[in-house]
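Undergrad: Supplied in structure tokens, the structure appears directly below.
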Amino acid sequence: MTNPERPGGQNSATILLGAALAAAILAGLSVFAYHANRAAREREQDLVRNGFSAWIEERAVAVSSIALWDDAILHLDNAFDAEWSHQNVGEWLVVHEGFQVALALDGADQLIFSRGPDAFDGEDAQRIINDLARPLIANVRYQEQTRGPISAHFEAARGIPARIESHVVARLDDAPVVLTASLVQPDFGAALPQSDRAPIVVAVDAIDEAFLALMSERFLLEGLKLGPLAAPTRSSLARMPLLDADGRTLLVLEWRPERPGTAMLTAFMPVILLMLALLGLLGWRLHMQRVRATEHLILNEARASHLAFNDSLTGLPNRLKFGEKLQRSISQIRKSGGSFAVLCIDLDRFKEVNDTFGHEAGDELIRAAARLLGGACGPDDMLARLGGDEFAIVQPAASRGDADELARRLVSLLRDPVDLEFGRVFVGCSVGVAIIDDPAMDATECFRRADLALYRAKDQGRARHVFFDIEMDTLARGRIELREMLRTALTHGDVSIVYQPQVNHLGDLSGVEALARWTHAERGAIPPSVFVPIAEESGLIDALGAYVLRRAFLDSRRLPNLRIAVNVSATQIRKKDFALNLAELVDETGVDPSRFELEITEEVLLGDDPMIRATLETVRRLGFRIALDDFGTGYSSLSYLQRYPIDKIKIDRSFIANLGAERNADAVVGAIVRLARALNLDVIAEGVETESQRLRVQAAGCGDIQGYLPGRPAPIEEILRLAASMARAAAAPAPPQADMGLRQRA
Ligand code: C2E
Ligand code: MG
Ligand code: MG
């Protein structure tokens, strides 16, 4: 049997799985948010980088508004004009355009004008030129040279010349600045420089609060500041490095970029958490359902396996479990030798209790018996209920002595009356015992032996125990063989009928009883006491009964004026269609049913079965008479005699045999006869063998007799002869008939 998974182990696995799922969802969302954030940050960084270039371009345009101008050629190159320089370079660039410093150099790169913040002087200006502006100036001069003479530009009428400029990010007194150097060029060519080196305007922009404010406003940057050159303070910050002329990071702009992923995560987090919670709840519910289903399964399986192995009425092990125990006991003796015992137990009067008091009482009796038998068993013995009132015990490691002791205990326990709710009953039990010491034997054989012994115990009069011996086996096998032989005999017509005479008080032949006979080719005559029970057990009784009835019906035509008694077994009469078949046979053979007497035994009446009563009533309505055979040997009760449609009783031959031998025998026979008379029933004595018996039976008031004295069972021809001779004797009272001793005794 497979064990289903335990719910406990599943528990943690399911919880882990759920947690992993939730974690995976959250991790997935976080990764998504991270990537969204990073993309947004990179986009902003690009934007700011481009914006910074655009800003530098703007500043260059602002410087060129002075540098690219005919006036600038006139006032800075052709003739230096201090006033003009103050107005246009100083005021315009510094005050109006917001540059920190504005300088002008002549064609020989000599400072000709400077303007800066309050304390700014010529020395400061020279320092800017020397320390910071030299590379720019060189660059501009290089471009100027590459451009060629400006006069050629105008001669070629190429319009306003392109700006020639250069810029760089640098540090001025530790403060970051952007320097722009722009070559002075005429815009319309009204004035031309006097040499091939024109003046240069240099402007310095501070990267200061105002710059940061401008950038922040323009690109909607939050928290824009100059960050450290080293690693960023927070990885989530956006950074843009500004490089100097040599490509070294001079400063870093740092700001808090937009974080759309985080924003989304934050916005959706309550919903996500809710969903996760719901998912968790759902998962939990499913899990609990599964746990419950598994528990249910385990429980059901346990229940099913209990039911499969235990009897529901008593809770005792059933046949299956008993078989396993038997198997184990065999294995045990196979391993370590020794012997064990198998006991089969049958309650002797269970059927009566069940039939008389009903099934509830029967069940109660079974339970009570189970308790009593269980009480007699040892701790290692297994008591099982095999069905109905059949119990069995395996007594492991038991000798014949042990088994004998146990069997005695069982029989004696059940000999005492058992008190049920329905009253006190005497049950009794029979026990068959088999001692098993042959390890080669199989469980079926062990059981069969105990069962055979049980049959023998019942045969021997019940309320006892019997040990199996091998001779029983031979007998049992003989029965099986006989059954097959009987089957063949019935189909081959080897069964025949004899008739035994019945005479009245005058000694006149009044009827016959049909009795079946079977003579086997090799085994000779087999008595009905042997083959009738075999036929009943095997179901062959239907064929046998039908044959006897048909034969008797057909023979009745040859036996006019004689009543014919036919034995009908209990098994036969319990069949639903018994009455119907009988009626059909009557129709078919055209006999008069009133000439026939069906002999039933008291066993038929037991249990007060309404169906049997109905059958008997139908049979009686058809015209048959009913006789109660072997009266006094069964469980006759006065009430049966009153309730059932009975016409006659046949006093059993055991009472007749006792006449003259036992003191009360005459009184008993007399009582039976008086009872019959009181109930208005006919009565006949069976088994009358001697004249003395005949006289005593007659003295008791019974004139009708059957037995060896009036005549043995004989073939119909003999009966016919007898009837004929009796008819002759009746016609002329003459010498007595020697052969059958009839008439002359009457
Ligand atoms: P039963 O119906 O009580 O039949 C009477 C039995 O007593 C017969 O034995 C008969 O031969 C025997 N008997 C008759 N007179 C005497 C006598 O003076 N002394 C002794 N000792 N015995 C006598 P049988 O023929 O061996 O039949 C035995 C039983 O077998 C019958 O008892 C009946 O129960 C059963 N049986 C016989 N034939 C049939 C049948 O066709 N159908 C059924 N169902 N049962 C039958
Ligand atoms: Mg009979
Ligand atoms: Mg009889």
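Undergrad: For region 422-503, please list each of the strands (runs of 3 or more DSSP E) lying entirely inside it that holds at least 1 residues being of a type in the set (S, T, N, Q) and over 20 Å from LEU326 (Cβ atoms).
TA: Of the strands (runs of 3 or more DSSP E) lying wholly inside region 422-503, those with at least 1 residues that are of a type in the set (S, T, N, Q) and over 20 Å from LEU326 (Cβ atoms) span 429-436, 495-503.
Undergrad: Here's another thing I want to ask about it. Restricting region 599-610 to residues that are touching a Gly at 6+ places or on another chain (Cβ under 7 Å) and assigned to a helix (DSSP H, G or I), which is modelled with the highest pLDDT?
TA: The residue in question is GLU602.
Undergrad: Hey, another quick one. I'm trying to understand the selection: among the residues of region 85-120, which are among the acidic types (Asp, Glu) and exposed (fewer than 15 other Cβ atoms within 10 Å of the Cβ)?
TA: Those that are among the acidic types (Asp, Glu) and exposed (fewer than 15 other Cβ atoms within 10 Å of the Cβ): GLU91, ASP118.
Undergrad: Can you name the residue in region 435-494 that is on the phi > 0 side of the Ramachandran plot and surrounded by fewer than 17 Cβ atoms within 10 Å (Cβ to Cβ) and, of all such residues, is modelled with the highest pLDDT?
TA: Taking the candidates together, the pick is GLY493.
Undergrad: Of all residues in region 520-539, count the ones that are assigned to a loop (DSSP other than H, G, I, E, B) and either closer than 15 Å to ASN567 by Cβ or within 16 Å of ligand 3 (Cβ to nearest atom) (or both).
TA: Count: 1.
Undergrad: For region 174-182, does any single residue satisfy the condition of being outside any strand (DSSP E or B) and either surrounded by 16 or more Cβ atoms within 10 Å (Cβ to Cβ) or at pLDDT below 90 (or both)?
TA: Looking for residues that are outside any strand (DSSP E or B) and either surrounded by 16 or more Cβ atoms within 10 Å (Cβ to Cβ) or at pLDDT below 90 (or both), one finds at least one in region 174-182, hence yes.
Undergrad: Of the conditions (1) within 16 Å of ligand 3 (Cβ to nearest atom); (2) under 54 Å from the mean Cα position of the chain (by Cα), GLU599 fails just one. Which one is it?
TA: Against the list (1) within 16 Å of ligand 3 (Cβ to nearest atom); (2) under 54 Å from the mean Cα position of the chain (by Cα), GLU599 comes up short only on (2).
Undergrad: Moving to a separate point now. With respect to ASP187, is the statement that it is among the acidic types (Asp, Glu) and out of contact with any Asp or Glu (no Cβ under 7 Å at 6 or more places or on another chain) true?
TA: So ASP187 fails the test.
Undergrad: Just to be sure I understand the filter: pairs with C-beta atoms under 7 Å, separated by 6 or more residues or on different chains, first member in region 510-530 and more than 16 Å from ligand 2 (Cβ to nearest atom), second member polar (S, T, N, Q). Which pairs pass?
TA: Listed by first residue and then by second, the contacts come to ALA525/THR519.
Undergrad: Might you let me know whether region 572-580 holds any residue that is part of a strand (DSSP E or B) and either among the hydroxyl-bearing types (Ser, Thr, Tyr) or within 16 Å of ligand 2 (Cβ to nearest atom) (or both)?
TA: No, every residue in region 572-580 fails to be part of a strand (DSSP E or B) and either among the hydroxyl-bearing types (Ser, Thr, Tyr) or within 16 Å of ligand 2 (Cβ to nearest atom) (or both).
Undergrad: Quick one: is LEU606 within 16 Å of ligand 3 (Cβ to nearest atom) and under 28 Å from SER637 (Cα atoms)?
TA: Against the criterion (within 16 Å of ligand 3 (Cβ to nearest atom) and under 28 Å from SER637 (Cα atoms)), LEU606 does not qualify.
Undergrad: Next question, about the same structure. Looking only at region 609-635, count how many residues are of a type in the set (D, E, K, R) and either in contact with a Leu (Cβ under 7 Å, 6 or more places away or on another chain) or within 16 Å of ligand 1 (Cβ to nearest atom) (or both).
TA: 3
To keep it simple, each residue is scored yes or no on (1) within 16 Å of ligand 2 (Cβ to nearest atom); (2) more than 30 Å from ALA727 (Cα to Cα); (3) modelled with pLDDT of 95 or more; (4) part of a helix (DSSP H, G or I).
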residue	(1), (2), (3), (4)
ASN561	no, no, no, no
ALA583	no, yes, yes, yes
GLU597	yes, no, yes, no
ILE612	no, yes, no, yes
THR618	no, yes, yes, yes
ARG621	no, yes, yes, yes
ALA627	yes, no, yes, no
SER639	no, yes, no, yes
PRO645	no, yes, no, no
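The values are calculated or read from the model by the stated rules, or taken from the named source; none is laboratory data. Everything quoted here is computed from the prediction, not taken from an experiment. Counting neighbours? That spans all protein chains shown, and the Cβs are built from the backbone with ideal geometry, glycine included.
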